[in-house]
1. What does the average come to when, for each residue of peptide B:243-250, you count the partner chain Cβ atoms lying within 10 Å of its Cβ?
2. Reachable lysines from A:Lys30, Cα under 30 Å, same-chain residues fewer than 8 places away excluded?
3. Let me check the size of region B:141-194 from its C-alpha atoms; what are the radius of gyration and Dmax in Å?
4. Among B:Gly196, A:Thr53, A:Pro120, which residue has its Cα furthest toward the positive end of the charge dipole of the protein assembly as shown, with +1 on Lys/Arg Cβ and -1 on Asp/Glu Cβ?
5. What's the FRET efficiency of A:Ser28 with A:Ala158 using the Cβ-Cβ distance as r and R₀ = 35 Å, to the nearest 0.05?
6. Rg/Rh for region B:186-306: what does it come to with C-alpha atoms and Rh from Kirkwood?
7. Please give every one of the lysines within straight-line cross-link reach of B:Lys198, meaning a C-alpha to C-alpha distance under 21 Å, and leave out same-chain neighbours fewer than 8 residues apart.
8. Calculate the dipole size of region A:10-57 relative to its Cα centre from +1 charges on Lys and Arg beta carbons and -1 charges on Asp and Glu beta carbons; express the result in debye to the nearest 20.
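Throughout, read-outs are computed from the coordinates displayed, never taken from laboratory work. For clarity, every value in this text was computed on a predicted model and none was experimentally measured. Cβ: placed from backbone, ideal geometry, glycine included. Neighbour counts: every protein chain shown.
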Amino acid sequence: MRKIWAWGALLFGILYFTLPLVGMTNFSLKMRRGEYSFDAYAKVFGDPRFQETFTYSVAQALFTIVFGILLVVPTAYWVRLKLPRLRPYIEFVTLLPLVIPAIVIVFGYIRLYNTSSWLPLTGSAFGTDILLMFGYATLALPYMYRAVDTGLRTIDVATLTEAAQSREPDGQRSWRGSSCRTRSSQCSPAPS
Amino acid sequence: MTASVTRLLGANGMSTAHTGASPPARRLPLHWLGILPFAVFVTLFLILPTMKIVVGAFQTPDGSFTLDNIQGLFTPSILAAYWISIKISIASALLGCLIGFAVSSAVVFGGLPKWIRGPLLTFSGVASNFAGVPLAFAFLATLGPVGILSVFLRSELGVDLRALGFNLLSFWGLTVTYLFFQIPLMILIITPALDGLKREWREAAEILGATGLQYWRMVAFPILLPSILGTLALLFANAFGAVATAIALTGSSLSIVPILLFAQIRGDVLGNPHLGYALAFGMIVVTGIANAIYIWLRARSERWLK
């Protein structure tokens, strides 16, 4: 009885999630009237504008991930190691992008960093790219910080750092060691 | 909490008392420097933009204090936009919670094959970020006037969705579309919580003569309530702020707050730049209230758990 019900729920889920994907794929293959073909794909991949925007998106995503990791991992490590009392506050701040709608934050960016402001980021193409990357990083903050922080919790950073520092006093090596251990927990979501 | 704090302070006080005999090598507290980059980034790109909006909502164009912008929100068209936004968000959050919970509990307790779980969670991770233009297109291709499901239902089963009053560019259409990222988010968050329900609890309840329903009502549900409420608040905010999907799907034919705000950013359609601030401020207030309700309910349910 329970099994039937469980299969029913799962089947509903599968139907709901595959139908739109099937529908989308179906449409994408119907460029030629009356038959299936890959014409649409050939056309899109051959379009230099598509290649350009696609490369741009991929580059933005990669830069965002690198920047996010550089920002979040040292912070999470440092807070765990030296400032554990600040952890709830930092966590609260990183969760804010889930509470404040993205469009509101973007609206704030446009008003704060427009061409007539003290930091005219939207004035140049490069500045806009940077602002976009920062925006993505802000939106990814809740996911990144939690993933990294959970990873750090499972490896007991403090003990590892002490162990490494007793061998090498500068702490640099311990940082390298624990960052290796953390890497597996950083399956950070790329901005869509 | 307070006990541990006082203990900590006491321990500190003792240690300073002990070392008080010899002058302690005092160092400037430089620990905070470690989080400086993070603090600067968050201030510049999260706190300040939000503050700018909150302050701007109470300012006239020349900078003096006013409540006119807030008052300007209480016009029928803007109120209607807020109301339909809130309705869509509540509907998609509730349905997302319900369906996500059903799917997740089917996988965790339903006795389904173990290998389903991995792919389901991976897929949920991807689908919860699937939004915007691709999502809108996928649903147009499925439930739009010539979408495969609409066509199939019309030609094979003789059910005309349009004649039944279903329109993708409407309240229910948008809700059904939002569910595509709401359900996976619920699955992602609630599955670990369901894993946390111990088998012993169920066995203990069954030995004491509880039926399945009683177990769920009196044991499992109260334990899960905080997580469910938290996800509900999160899903609400998620749907309330979703703008790319809404614009890609409905253009400007459905007036919901994010679309209105987007139009205001693009070209000042409201005719008063500071009304835009007020609109954005209103969105923060709504999601803020949703989260405040969540925190309050969670405090209540956790107190009840003790």
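1. Details: counts 5, 3, 0, 0, 0, 0, 0, 0.
Across the residues of B:243-250, the mean count of other-chain Cβ atoms within 10 Å is 1.
2. A:Lys43
3. 14.7, 44
4. B:Gly196
5. 0.10
6. Details: Rg = 20.9 Å, Rh = 17.5 Å.
Here Rg/Rh amounts to 1.19.
7. A:Lys3, B:Lys114, B:Lys306
8. Numbers: 5 positive and 4 negative charges, 28 e Å.
Around 140 debye, computed over region A:10-57.
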